[in-house]
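**Q** Structure below; questions to follow.
The values are calculated or read from the model by the stated rules, or taken from the named source; none is laboratory data. The structure displayed is predicted, hence computed values, not measured ones. Positions of Cβ are backbone-derived with ideal geometry, glycine not excepted, and every protein chain shown enters the neighbour counts. Each accessible area value is taken on the protein alone, full model and side chains, heavy atoms only, with ligands, DNA and RNA left out. Shrake-Rupley method; radii C 1.70, N 1.55, O 1.52, S 1.80 Å.
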Amino acid sequence: MAANILVREFKIPMQDRICIDISPDVQVKRVFKRLGLISKNASNDELIYCARELHPEYPGIFDFSAWEIGREWCRPYNPDCNNCYLKQFCPRIIEK
Ligand code: SF4
C-alpha cells in the first residue's frame with residue numbers, strides 16, 4: 001500500500017509497477033465480490049491474483065478506485081447502485 005501511495009499520490013518514479021499489488025482492504029474486497037470478479041468467500045490472495053490478471057503491468061491501479069466506490073456507493077448495507085459508476089457493468093452480487 002505504501003509503494004502504491006508513493007506512485008499514485010506523490011508520482012515517485014519506479015522502474016515498473018508490476019510488483020505493486022492491490023491492497024486487500026474490506027471495501028476493495030466487497031466491490032470485487034459484488035462485481036463478480038472474485039468468489040464470495042475469496043481469500044486475500046484471490047483478490048491479489050485477480051488484480052494481477054486484470055492489469056499485470058500495475059495490479060495496484062484498482063486500489064483507490066475500488067476503495068472509494070466501496071466507501072461511497074457500494075456500502076455493506078443498502079448499496080447506492082443507482083449512483084455508482086459501475087452500475088451498467090455490475091451483476092450486483094449482493095449477499096443477503
Ligand atoms: S453497482 Fe451496486 S453492487 Fe455494483 S459496485 Fe456499484 S454499488 Fe456495488
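**Q** If I filter the stretch 68-89 for residues that are of a type in the set (Val, Ile, Thr) and free of Cβ contacts under 8 Å to residues at least 60 places away in the same chain, do I get at least one hit?
**A** Yes, the conditions are met somewhere in the stretch 68-89.
**Q** Same structure again: Of the numbered conditions (1) more than 10 Å from the chain's Cα centre (by Cα); (2) at pLDDT below 95, Tyr49 satisfies every one except a single condition; which is it?
**A** Unmet for Tyr49, out of (1) more than 10 Å from the chain's Cα centre (by Cα); (2) at pLDDT below 95: (2).
**Q** Is it fair to say Tyr58 is touching a Lys or Arg at 6+ places or on another chain (Cβ under 6 Å) and aromatic (Phe, Trp, Tyr)?
**A** yes
**Q** Further, regarding this structure: Examine the stretch 40-61 for a residue that is more than 10 Å from the ligand (Cβ to nearest atom), open to solvent by less than 60 Å² (accessible area, probe 1.4 Å), assigned to a loop (DSSP other than H, G, I, E, B) and not small (Gly, Ala, Ser), and state whether such a residue exists.
**A** Yes, some residue in the stretch 40-61 is more than 10 Å from the ligand (Cβ to nearest atom), open to solvent by less than 60 Å² (accessible area, probe 1.4 Å), assigned to a loop (DSSP other than H, G, I, E, B) and not small (Gly, Ala, Ser).
**Q** Give me a count of the residues in the stretch 1-34 that are open to solvent by 50 Å² or more (accessible area, probe 1.4 Å) and either more than 19 Å from Tyr77 (Cα to Cα) or among the hydroxyl-bearing types (Ser, Thr, Tyr) (or both).
**A** Here the count works out to 17.
**Q** Separate question: State the number of residues belonging to the stretch 72-91 that are open to solvent by 80 Å² or more (accessible area, probe 1.4 Å), outside any helix (DSSP H, G or I) and more than 6 Å from the ligand (Cβ to nearest atom).
**A** Taking the stretch 72-91 and keeping what is open to solvent by 80 Å² or more (accessible area, probe 1.4 Å), we get 75, 77-78, 82-83, 85, 87-89.
Among the residues that remain, those that are also outside any helix (DSSP H, G or I) are: 75, 77-78, 85, 87-89.
Applying the additional criterion that residues be more than 6 Å from the ligand (Cβ to nearest atom) yields 75, 77-78, 85, 88-89.
Residues in the stretch 72-91 being open to solvent by 80 Å² or more (accessible area, probe 1.4 Å), outside any helix (DSSP H, G or I) and more than 6 Å from the ligand (Cβ to nearest atom): 6 in total.
**Q** Given (1) within 8 Å of the ligand (Cβ to nearest atom); (2) part of a loop (DSSP other than H, G, I, E, B); (3) crowded, with 17+ Cβ neighbours inside 10 Å, identify the lone condition not met by Leu37.
**A** All conditions are met except number (1).
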